[in-house]
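In what follows, a single structure is set out as structure tokens and then discussed.
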Protein chains: 2
Amino acid sequence: MTYCVAMSLHEGMLFASDSRTNAGVDNVSTFSKMTTFEVADGPHQRCIVAVNAGNLATTQGVVSQLRRRALVDETHILNTPSMFDVAELFGQAIKTAISHAEENQLTQSSVDFTCSFLVGGQIRNEAPRLFQIYPQGNFIEATSDTPYFQIGESKYGKPIIDRVVRPETPMAEALKSAMVSFDSTMKSNLSVGLPIDVLILKRDHLKPSLRYRVTEDDAYFQNIRKAWGQGLRQVFQGLPQPDWFHH
Amino acid sequence: MTYCVAMSLHEGMLFASDSRTNAGVDNVSTFSKMTTFEVADGPHQRCIVAVNAGNLATTQGVVSQLRRRALVDETHILNTPSMFDVAELFGQAIKTAISHAEENQLTQSSVDFTCSFLVGGQIRNEAPRLFQIYPQGNFIEATSDTPYFQIGESKYGKPIIDRVVRPETPMAEALKSAMVSFDSTMKSNLSVGLPIDVLILKRDHLKPSLRYRVTEDDAYFQNIRKAWGQGLRQVFQGLPQPDWFHH
């Protein structure tokens with residue numbers, strides 16, 4: 001499995017993805033699930049960030065396809081004028097990669113070749129935009145009502161983000177909620193694991209303000225894991241006991 | 001969907017189930033998902049509690065079948081000497097009900113006829129025992145390592161129970177964790193709803209010590225929902241911000 005979250009806030013965008021992949025429980029490896037497409041200057045200046053969940057071969061196929069097309073096609077991910085076009089390019093690449101994988105299987109296996117992406121970023125002369133792209137190739141865009149998306153093993157880590165994140169939430173606060181959300185997810189699901197890749201893209205900077213990898217040794221992450229667990233236990237202890245149950 | 005939890009503790013057993021059923025989003029009704037089978041005295045004295053998730057017609061079929069068999073069969077749920085036999089009777093009844101439903105469908109519909117149960121209780125001369133029974137009819141038993149089971153929409157409400165519940169946890173504490181667990185689940189999933197049926201079965205009492213229905217008006221539940229939310233926000237505010245991200 002996987003856990004990825006992306007948020008579109010007034011200050012800018014935040015992306016975080018775990019990096020554990022597994023086929024069954026004994027074939028576990030580390031692969032980053034975060035990809036960037038950047039043009040550093042000029043009229044096509046942009047910073048696009050994608051995080052992915054699902055079949056590793058398919059997701060790598062999607063990224064390779066988009067990079068290869070940027071060398072040969074006239075319109076591609078490095079020069080389209082809008083993030084909407086970027087979402088469409090991802091959608092097409094996902095459909096192509098999945099149907100290619102499904103057509104080529106040797107036997108009727110039960111392998112799931114699907115994948116999904118969260119794709120966001122900013123292109124010069126456009127506002128930052130964030131999309132969730134489905135295995136079917138269609139997509140939805142984040143709004144001020146729903147400023148964040150999750151893919152993969154999303155349920156354990158959803159409550160804290162639901163409680164904290166609004167478009168006006170300061171970036172540092174949102175980042176903290178993402179870290180707590182990863183802690184909850186990793187506590188309950190073995191298939192989501194460190195390191196966590198984090199990328200922050202401030203509005204109108206058009207390049208990453210932070211690229212950071214949270215590893216096992218990260219003192220901050222260790223610290224909030226412990227503090228959050230202790231804090232939860234304290235709040236729980238402080239809750240009253242049901243007045244309708246007596247020993 | 002559904003959310004049910006059952007715990008087997010040193011003090012006794014706790015069962016809690018929501019009561020929302022839905023076919024799609026516009027056919028929503030209230031049905032209790034908790035059933036008891038009781039023999040009040042005599043050599044077969046027992047109190048057995050079942051909570052269920054899955055297809056409502058199938059779960060009702062399972063319960064009806066077990067009650068009907070208790071009138072005609074020689075060995076049945078009201079006289080078997082062990083909870084293990086009760087789990088087997090449930091397993092058989094589930095398999096029968098599901099295959100009956102599947103055989104009788106008029107067309108190849110996509111209806112899911114499966115269901116699962118948590119079944120626990122105590123029979124005179126035996127310790128309390130708790131089982132999770134799968135749609136396939138097989139089952140697992142709770143142990144001191146894993147003293148609780150959940151069925152239905154279980155992920156949102158799992159972290160708090162994981163953090164709190166051990167076999168030695170006092171019943172009032174376990175009940176509190178169940179209430180917080182339902183709050184988290186209902187916050188994130190519309191298909192789980194009030195009222196919540198709660199039943200507590202103290203060890204060796206062989207009859208319920210508490211049967212309670214938590215409704216919208218329950219002051220205690222309203223109170224802990226609010227206090228838990230506020231407490232979480234306070235703990236979150238108190239966590240430090242990442243030292244590797246600066247504005």
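The values are calculated or read from the model by the stated rules, or taken from the named source; none is laboratory data. Bear in mind that the values here come from a model prediction, so they are computed numbers and not experimental data. Cβ coordinates were reconstructed from backbone atoms using ideal geometry, including for glycine residues, and neighbour counts include every protein chain displayed.
Quick notes on this one:
- Qualifying positions in the stretch A:149-170 - touching a helix residue (DSSP H, G or I) at 6+ places or on another chain (Cβ under 6 Å) and part of a strand (DSSP E or B): none
Residues are listed down the side, and each one gets a yes or a no for (1) within 14 Å of A:I133 (Cβ to Cβ); (2) in contact (Cβ under 8 Å) with a residue 40 or more places away in the chain:
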| site | (1), (2) |
| --- | --- |
| A:I48 | yes, yes |
| A:R69 | no, no |
| A:A97 | yes, no |
| A:V111 | no, yes |
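- Residue in the stretch B:92-115 that is among the hydrophobic types (A, V, I, L, M, F, W, C), part of a strand (DSSP E or B) and closer than 23 Å to B:D183 by Cα present: no
- Selection status of B:T185, away from chain A (no Cβ under 11 Å) and either touching a residue at least 12 places away in the same chain (Cβ under 8 Å) or closer than 25 Å to B:T114 by Cβ (or both): no
- Residue pairs meeting the criteria (Cβ under 7 Å; at least 6 apart or on separate chains; first basic (K, R), in the stretch A:18-43; second assigned to a strand (DSSP E or B)): A:R20/A:V28; A:R20/A:T30; A:K33/A:C4; A:K33/A:S17; A:K33/A:V51; A:K33/A:N52
- The stretch B:104-136: number of residues that are farther than 25 Å from B:D73 by Cα and charged (D, E, K, R): 1
- Test: residue in the stretch A:20-34 that is farther than 24 Å from A:A101 by Cβ and surrounded by 20 or more Cβ atoms within 10 Å (Cβ to Cβ): no
- Within the stretch A:14-43, the residues that satisfy the criterion of being closer than 24 Å to A:G137 by Cβ and either part of a loop (DSSP other than H, G, I, E, B) or at pLDDT below 95 (or both) are A:T21, A:F31, A:S32, A:K33.
- Within the stretch B:188-238, considering residues that are of a type in the set (G, A, S) and more than 10 Å from chain A (Cβ to nearest Cβ), the one nearest to B:V5 (Cα to Cα): B:G193
- Test: residue in the stretch A:168-176 that is within 7 Å of chain B (Cβ to nearest Cβ), in contact with a Lys or Arg (Cβ under 8 Å, 6 or more places away or on another chain) and either β-branched (V, I, T) or more than 30 Å from B:T215 (Cα to Cα) (or both): no
- Meets criteria (more than 9 Å from chain A (Cβ to nearest Cβ), within 21 Å of B:M83 (Cβ to Cβ) and surrounded by fewer than 21 Cβ atoms within 10 Å (Cβ to Cβ)) for B:S144: yes
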